[in-house]
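Encoded as structure tokens, the structure appears first; notes follow it.
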Amino acid sequence: QEVAVDRINRQGGISGRPIELIVEDSEGKPAAGIRKTRKLLERDRVDAGQGGFMSNVCIACMPEYKRARVINMIGVCLDTTITTSKCNRYTFRPFDFAPAQAVAFSPYLVNEIGKKWYIVFVDYSWGQSTRDAYREGIQKNGGEVVGTRFHRITW
């Protein structure tokens, strides 16, 4: 990001305005993410937001951007609800998401590796949606999910 900001600013910025990069750390926690997003929107008055790594944090912050009517370009948060049931006109994601990965990879799993699968997933929004997408993909390709088990993240 810093390299892109430097390059854009050397070329005159955007519409003659230099870009200022303001970085905040959500600490991987929804409450901290909301608090930092509110700071960026209310005190720093950012024109746009970019980032996000943990889907539960991205999902928690989406309503803040919507309320402020500020564009929020999500980083790598891949939970399906970001662009389905929780979708709004202020947040977008330029990356793929769990179902796209499962559609692409499930045929290989079933046809080249094995027919029966046990899915271990991280117990938060991304892990749950990824579990669901792979379960569906494996079954659609003739495989069987014999069970699933979550793993909790502790920070």
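A few comments on the model shown:
- Axis of helix 98-108 versus longest Cα principal axis of the chain: the two differ by about 40°, to the nearest ten degrees.
- Alpha-carbon centroids, region 1-63 and region 117-155: separation in whole Å: 31 Å
- Solvent-accessible surface ranking, highest first, for SER85, SER125, SER15 at 1.4 angstrom: SER15, SER85, SER125
- Restricting the calculation to alpha carbons of the chain gives Rg and Dmax of 18.8, 58 angstrom.
- Normalised by the number of residues in the chain, the mean separation of alpha-carbon contacts (under 8 Å, six or more apart) gives a relative contact order of 16 percent.
- Think of the chain as having a plus end and a minus end, set by charges on the Cβ of Lys, Arg, Asp and Glu; of ALA102, TYR134, PHE92, PHE92 sits farthest toward the positive end of this dipole.
- Region 1-92: mean projected area of Cα convex hull, nm²: 5.9 nm²
- Nonlocal Lys pairs with alpha-carbon distance under 23 Å, the chain (8 or more apart, or different chains): 10
- Residue-normalised accessible area of region 98-151, given per residue in Å² at a 1.4 Å probe: 59 Å²
- Most mobile listed residue (PRO99, PRO18, PRO107) in the chain, GNM with C-alpha springs under 10 Å: PRO18
- Debye, to nearest 20: dipole size of the chain, +1 on Lys, Arg Cβ, -1 on Asp, Glu Cβ: 400 debye
- Coil-residue trypsin sites (Lys or Arg not before Pro) of region 1-72, DSSP, other Cβ within 10 Å capped at 11: ARG45, ARG69
- Applying a DSSP loop filter and a limit of 14 other Cβ atoms within 10 Å to the GluC sites (Glu not before Pro) in region 1-105 leaves GLU20, GLU27.
- Surface per residue (accessible, 1.4 Å probe) for region 1-92, Å²: 64 Å²
- Most mobile listed residue (ASN111, ASN56, ASN88) in the chain, GNM with C-alpha springs under 10 Å: ASN111
- Accessible-area composition of the chain, carbon plus sulfur, in percent [1.4 Å probe]: 53 percent
The values are calculated or read from the model by the stated rules, or taken from the named source; none is laboratory data. Because the structure is predicted, anything quoted here is derived from the model rather than measured. Don't worry about glycine lacking a Cβ; one is built from the backbone with ideal geometry, like all the others, and counts go over all protein chains shown. When the accessible area is computed, the model is the full protein with side chains, heavy atoms only, and any ligands, DNA or RNA have been set aside. Shrake-Rupley method; radii C 1.70, N 1.55, O 1.52, S 1.80 Å.
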